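Undergrad: Let me give you the structure first, and then I'll get to my questions.
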């Protein structure tokens, strides 16, 4: 079993809520400190043995200072020398697929073949970012993915006459190192995603969900994959959750409570109710809409632990929680985000995970 | 069932009577019949589209005679599937008559039986555009890539989300690309459409 360290490079200072978030209270000092913290934590993760480091894409909010994960991943190619660099993901329906193909190829070339190509539909608000109609989300995603794979693998300059994308001649340089191309993952919580991933033989990641919901989605994916004639292995499934490790369970819990005190656990999409409702009306959430919208609902701290959204405790306790996820979900990769940013204690949490939990995880 | 806007008649050529369906005006495009789809209707909006039902065995000679009968000195050829071979043969035998070739869903070259034709592809100097659907196992990437590899002015493109009948499945997408290629040949790689959303 493998572990990735994920950081959204959260802006570590006061900022208004809602979405989009105005920039008038933005501080360059706070942003500088936030980005340096993210870079330091990625370097540390690489040092202590994490298998991957992960970056993602979110726009127009202090929640993440990486609206373009490719840029941060580019910086990481020079800082992270052993771990894979995973983008989970690039929000392809709102981007230029040829550009995305080129960028992944650049990262793969710069790392000697260490990039993981996550491609996501993006959270609902991301469509507003570049003024794309969310009703076209799945159709754009399917076409963009096909175009990206073709750009990676077709060696002669080719044209693409699509519905949403049209190019007369494409021939990317550099080309990916990994053959036939970097591994692809998409976000898998909806039934539509499970079907698509199974039919297209790509991996699935589960984020902003609970262990029971992820297990249900994973079972459906496996069922659909069987119909498509293949069997996903543990490395085809990523489960994203928070973590905080300390010497003892009590210390870890106390840190967690301290670090989350006063935080309103509202995600980006729910920060703008009109946006969320409009996007829902556009059919963004698919045929299982109630469950998909429900995933975004915030939970209290105790609930989050029970629902498998956070690993918290001493290394031994955390290892037990990891084993439980392995047994129930069969995920091969845990994509871990620091549950709290408490300076030295977070640094220690990453160290402890790497030294005391990871070596035992390998055996799972 | 007569296709919208196409006038049908018989043409005398090389001792045979060939069915000919014609629509539109302007640059002459010879479609190798009997295939006639919505694509041909759309192309008739900017070209003189002539669909000729040629006898497979004597296609190049019949086509040359028919074109003379129709008073057409130069034209582009549009063919689908197996008929693309006749288009290539005509281009090799009558290079002076050809402006451009558009090949839809060509089958892969059979190494055994078609080595000769495949070997001569490089002699076709005319601009050639080969198209295939992304869901067409009968015309895989190798089957259209060859035109880029073997010809001095060969191009290929994938038509997304179509199978073998790409010109009937997504006629507007195919027509937009083909019409532009017929007009501008290799210059078609440069976008010349307005990107202005509102004045």
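Since every read-out is calculated from the coordinates, none of them should be taken as a lab result. Predicted model, so just to flag it, every value in this text is computed and none were measured. FYI the Cβ positions are ideal-geometry reconstructions off the backbone, even for glycines, and counts take in every protein chain you see.
Undergrad: As an exercise, use a Förster radius of 25 Å and the Cβ-Cβ distance of residue A:351 and residue A:235 to find the FRET efficiency, rounded to the nearest 0.05. Walk me through the intermediate numbers first.
TA: On the way: r = 25 Å, r/R0 = 1.01.
FRET efficiency, residue A:351 to residue A:235: 0.50.
Undergrad: Here's a follow-up. Which stretch or stretches of the range A:123-149 have amide N atoms under 11 Å from the point lying 7 Å from residue A:68's Cα along the Cα→Cβ direction?
TA: No residues fall inside that zone.
Undergrad: Turning to a different aspect of this structure: Between residue A:281 and residue B:116, what is the FRET efficiency for a Förster distance of 51 Å, r being their Cβ-Cβ separation, to the nearest 0.05?
TA: It comes out at approximately 0.25.
Undergrad: Once R0 is set to 22 Å, what does the formula 1/(1 + (r/R0)^6) return for the Cβ-Cβ distance between residue B:192 and residue A:164, expressed as a FRET efficiency to the nearest 0.05?
TA: Efficiency at R0 = 22 Å is approximately 0.60.
Undergrad: Let me ask something additional. So what's the back-of-envelope 222 nm ellipticity for chain A, counting only DSSP H runs of four-plus at -39500 (n - 2.57) apiece and dividing by all residues, rounded to 500?
TA: Helix-only estimate at 222 nm: -13000 deg cm²/dmol.
Undergrad: What value in Å³ per residue do you get for the convex hull of the alpha-carbon atoms in the range A:156-271?
TA: 218
Undergrad: Would you calculate the separation in nanometres between label points at residue A:25 and residue B:176, each defined as 7 Å from the Cα along the Cα-to-beta-carbon direction?
TA: Going by the 7 Å Cα→Cβ label model, 4.5 nm.
Undergrad: Using only Cα atoms, find the angle between the long axis of helix A:28-48 and the longest principal axis of chain A, and express it within 0 to 90 degrees, rounded to the nearest 10.
TA: Tilt relative to chain A: about 90 degrees.
Undergrad: For chain A, modelled as a GNM with alpha-carbon contacts under 10 angstrom, which of A:164, A:11, A:284 fluctuates the most?
TA: It is A:164.
Undergrad: Now for a different question. Bin by bin, in steps of 5 Å, what percent of the Cα pairs in the range A:1-136 do you find, going until the bin that has the longest distance?
TA: Bin by bin from 0 Å, the calculated values are 2, 10, 20, 21, 19, 15, 10, 4, 0.
Undergrad: Compute the normalised compactness of chain B: alpha-carbon radius of gyration over 2.2 N^0.38 Å, N being the residue count.
TA: With N residues counted in chain B, Rg over 2.2 N^0.38 Å equals 0.99.
Undergrad: I would also like to ask the following. How large is the Kirkwood hydrodynamic radius of the range B:85-199, in angstrom, based on all distinct alpha carbon pairs?
TA: Here the Kirkwood hydrodynamic radius works out to 14.9 Å.
Undergrad: Sticking with this structure for a sec: Once you put a point 7 Å from the Cα of residue B:94 and another 7 Å from the Cα of residue A:226, both along the Cβ direction, what distance in nm separates them?
TA: So the two model labels end up 6.1 nm from each other.
Undergrad: Same structure, new question: How big is the equivalent ellipsoid of the protein assembly as shown along its three axes, where each semi-axis is √(5λ) from the Cα gyration tensor, reported in whole Å from largest to smallest?
TA: 57, 23, 20
Undergrad: Run through the DSSP bridge list for chain B and note the antiparallel percent, rounded to the nearest 5.
TA: Among the beta bridges of chain B, antiparallel pairing accounts for roughly 30 percent.
Undergrad: What's the Cα-based Rg to Rh of the range B:1-91, Rh via Kirkwood?
TA: Details: Rg = 11.8 Å, Rh = 12.9 Å.
Result: Rg/Rh = 0.92.
Undergrad: Moving on to the next point. Restricting the count to DSSP beta bridges whose residues both fall in the protein assembly as shown, what percent are antiparallel, rounded to a multiple of 5?
TA: Here the antiparallel bridges make up roughly 20 percent for the protein assembly as shown.
Undergrad: Can you sort A:302, A:216, A:2 by how many other beta carbons sit within 10 Å, fewest first?
TA: If I rank by nearby Cβ atoms, fewest first, I get A:302, A:216, A:2.
Undergrad: Quick one: plug the Kirkwood hydrodynamic radius of the range A:103-166 (C-alpha pairs) into Stokes-Einstein at 37 °C, 0.692 mPa s, and report D in µm²/s.
TA: Answer, rounded: 241 µm²/s.
Undergrad: Let me ask something else about it. At q = 0.17, 0.31 Å⁻¹, what log₁₀ I(q)/I(0) does a Debye calculation on the Cα points of the range A:54-99 give, no solvent, two decimals?
TA: So the normalised log intensities are -0.51, -1.16.
Undergrad: With 10 angstrom as the radius, rank A:190, A:90 by how many other C-beta atoms surround their C-beta, starting from the fewest.
TA: Final ranking by Cβ density, sparse to dense: A:190, A:90.
Undergrad: In a Gaussian network model over chain A where Cα atoms closer than 10 Å are linked, find which of A:287, A:348, A:114 has the largest mean-square fluctuation.
TA: Largest GNM mean-square fluctuation: A:287.
Undergrad: Sort out for me the Cα centre separation of the range A:278-328 from the range A:1-41, rounded to whole Å.
TA: 22
Undergrad: What's log10 of I(q)/I(0) for the range A:151-219 at q = 0.12, 0.18, 0.20, 0.28 Å⁻¹, Debye sum over Cα points only, no solvent?
TA: Results for the range A:151-219 at q = 0.12, 0.18, 0.20, 0.28 Å⁻¹ read -0.49, -0.83, -0.89, -1.13.
Undergrad: Full extension from residue A:133 to residue A:288: what is 0.36 nm times the residue separation minus their Cα-Cα distance, to one decimal in nm?
TA: Taking 0.36 nm per residue and subtracting the Cα distance, the gain is 53.8 nm.
Undergrad: What share of Cα pairs, in percent, lie more than 24 angstrom apart in the range A:237-364? Please list the in-between numbers first.
TA: Details: 3034 of 8128 pairs.
The share of Cα pairs beyond 24 Å in the range A:237-364 comes to 37 percent.
Undergrad: Volume per residue, Å³, of the convex hull around the alpha-carbon atoms of the range A:272-315?
TA: For the range A:272-315, the hull spanned by Cα atoms encloses 99 Å³ per residue.
Undergrad: Just how many % of Cα pairs in the range B:67-149 lie over 23 Å apart, if you round to the nearest whole percent?
TA: 19
Undergrad: Return a whole-number percent for the relative contact order of chain A, with Cα pairs under 8 Å and 6 or more residues apart as the contact set.
TA: Numbers: 677 pairs, mean separation 71.1, N = 364.
It comes to 20 percent, rounded to a whole number.
Undergrad: How many percent of the alpha carbon pairs in the range A:107-213 exceed a separation of 19 Å? Spell out each step's value before the answer.
TA: On the way: 3042 of 5671 pairs.
Tail of the P(r) past 19 Å holds 54 percent of the pairs.
Undergrad: Quick one: go through the range A:94-131 and flag any residue whose amide nitrogen is under 15 Å from the point 7 Å out along the Cα-to-Cβ line of residue A:179.
TA: Output list for this probe position: A:113.
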